[in-house]
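The values are calculated or read from the model by the stated rules, or taken from the named source; none is laboratory data. Computed from a predicted structure; not experimentally measured. Using ideal geometry, Cβ is built from the backbone for each residue, glycine included, and neighbour counts are taken over all protein chains shown.
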Amino acid sequence: MQADAVTQAPVEAVFNPASPEYLADPFSQWRALSARGRLVWYEPWQAWIMTRMPDIMDCWRREYLSSDFYDWEFAPPRPPQDQWSNYERAMIGHSLLADHGHHRLVRRIVSPAFSRNVVDEIQRRIRPDVVQLIADLEGLDSFDYIERVANHIPFISISRMVGLPEKYWPDIKQVVLTFTESWNPTISDERREAARQDSNRAIEILQRVIAERRANPGEDDFLSELLKVEAENEAFSDWDIITLILALIGAGADTTLVAQQWTLYALLKHPEQIETALSSPEAFANAFSEIMRWSPTSKMGFARYAPQDMELLGQQLRKGQMVLLMPHLKDRDPDYYPEPERFDVQRTFDPDVLFGYGPRYCIGAAMAKRQLYLTMVELFKRFPDLRLDGEPEKDNSDHNAVVFKSLRVRTGKGA
């Protein structure tokens, strides 16, 4: 039966994230893609798509595919070391594109920098900015949440968390918008090179910040914690610090901006569950997994690359071919989640794979969830009668996520 289905139409006829039909109903396209098999060739992206969660978790756990962008068959040549810019020094051989052994080492030695006490301190540091941003909305009858809040919170909170002095904020904001593009294999060479240059400028700023902090220690922030780790571990260097901070400033801000929009939208669509979701940081952590399961945000997935010619899940892969891990395909699958259409902030997630699994689990997950929790608590504290001002229009222009063109809300507090 599956063979017959394959002959009916090419995969791109039933799965096209760039299409209006995907915006209207992505879930039927997810199901159609998953029905084609465990590993499906997708011509428009020149990539294999891994569709089943057990296979994805096994790939995350065993790390048999490469996460190094330069191992992609269409990547530019890996530059020789004597031609590296700051970007290559940070991205080759360090935390994001490291060999698996070094990546595991980095995770182990920096884990104290992501402890509960550190996360609590970060919340204390960013709370005044969040409170002020939301207080500035007082007296408005309605506003666009994306324009007035979501666009600002990720950069402000991550900069405070890292300990990036405000004098550097204007210069480093650009990398927040473009960092993930510097290693995105699906965009043009010109766009990727522009993002690479943005990253080089950001790295120069981070080098100055690190030097200043060494000369004047004492701040209680993430950078200070990483400098302590470096002092105690010979295998951990400035470049590991820079790469971790770039990941938080760039990739962290990018994903959090998407999460900000969908978190508020999902809660306002289910107001009876807001109190439960925001009852504690722990309750919100679980609620956020349900929010992102229920919200059709994802379009692509996590890129990996075949390190050699290999057989995988019954398919023959050529060295350098991209494999996209797409865990979101399970999110409305009744075989994976009971009553998948139902929104329940107390749903059980075992395991919870929203932020990955195994050695590649996102090390900044607790920080991301705490930032969102703080924002939602302050927003609903000031505007308990907040509601949607009409159904928002979705925006399909981003390569990897579905967002909203605007997210207008009414406060119930006329000017």
**Asked** In segment 364-415, how many residues are part of a loop (DSSP other than H, G, I, E, B), within 20 Å of Ile153 (Cα to Cα) and basic (Lys, Arg)?
**Response** 1
**Asked** Taking Asp136, is it of a type outside the set (Lys, Arg), out of contact with any strand residue (DSSP E or B) (no Cβ under 9 Å at 6 or more places or on another chain), within 16 Å of Gly364 (Cβ to Cβ) and surrounded by fewer than 18 Cβ atoms within 10 Å (Cβ to Cβ)?
**Response** no
**Request:** Could you list, in sequence order, all residues of segment 357-393 that are buried (at least 18 other Cβ atoms within 10 Å of the Cβ) and small (Gly, Ala, Ser)?
**Result:** Gly364, Ala366, Ala368
**Asked** How many of the residues making up segment 43-58 are among the polar types (S, T, N, Q) and within 13 Å of Arg304 (Cα to Cα)?
**Response** 1
**Request:** Name the single residue, out of those in segment 187-228 being of a type in the set (Asp, Glu) and outside any helix (DSSP H, G or I), that is modelled with the highest pLDDT.
**Result:** Asp221
**Request:** Please find, among Thr243, Thr276, Thr256, the residue that is within 20 Å of Leu105 (Cβ to Cβ) and either modelled with pLDDT of 90 or more or buried (at least 22 other Cβ atoms within 10 Å of the Cβ) (or both).
**Result:** Thr243
**Message:** Looking at segment 263-288 only, could you name the residues that are without any contact (Cβ under 8 Å) to a residue 60 or more places away in the chain and either among the charged types (D, E, K, R) or in contact with a strand residue (DSSP E or B) (Cβ under 8 Å, 6 or more places away or on another chain) (or both)?
**Reply:** Glu272, Glu275, Glu282
**Request:** Within segment 168-183, identify whether any single residue is more than 30 Å from Asp71 (Cα to Cα), touching a residue at least 40 places away in the same chain (Cβ under 8 Å) and surrounded by 20 or more Cβ atoms within 10 Å (Cβ to Cβ), and answer yes or no.
**Result:** no
**Item:** Cross-chain or 6+ apart pairs with Cβ under 9 Å, segment 128-141 first and under 16 Å from Val409 (Cα atoms), then among the small types (Gly, Ala, Ser)
**Value:** Gly139/Gly414; Gly139/Ala415; Leu140/Gly414; Leu140/Ala415; Asp141/Gly412; Asp141/Gly414; Asp141/Ala415
**Complete:** Within segment 110-133, the count of residues that are among the aliphatic types (A, V, I, L, M), modelled with pLDDT under 90 and surrounded by fewer than 16 Cβ atoms within 10 Å (Cβ to Cβ) comes to 0
**Request:** Identify the residue in segment 70-93 that is in contact with a Lys or Arg (Cβ under 8 Å, 6 or more places away or on another chain) and crowded, with 18+ Cβ neighbours inside 10 Å and, among all such residues, is nearest to Leu246 (Cα to Cα).
**Result:** Tyr87
**Prompt:** Within segment 68-84, can one find any residue that is touching a helix residue (DSSP H, G or I) at 6+ places or on another chain (Cβ under 9 Å), of a type outside the set (Phe, Trp, Tyr), closer than 30 Å to Asp333 by Cα and not in a helix (DSSP H, G or I)?
**Reply:** no
**Asked** Which pairs do you get when a residue that is in contact (Cβ under 8 Å) with a residue 40 or more places away in the chain, found in segment 102-118, comes within reach of a residue that is of a type in the set (Phe, Trp, Tyr) and assigned to a helix (DSSP H, G or I), reach meaning Cβ atoms under 7 angstrom, with the pair 6+ apart or on two chains?
**Response** Ala113/Phe222
**Prompt:** Which condition does Phe355 not pass, out of (1) over 16 Å from Thr51 (Cα atoms); (2) within 16 Å of the chain's Cα centre (by Cα); (3) part of a strand (DSSP E or B), if it passes all the others?
**Reply:** (3)
**Request:** Check off (1) in contact with an Asp or Glu (Cβ under 7 Å, 6 or more places away or on another chain); (2) surrounded by 15 or more Cβ atoms within 10 Å (Cβ to Cβ) for Arg318 and give me the number that stays unchecked.
**Result:** (2)
**Residues (of a type in the set (D, E, K, R), under 30 Å from Leu257 (Cα atoms) and in a strand (DSSP E or B)) located in segment 286-339** = Arg304
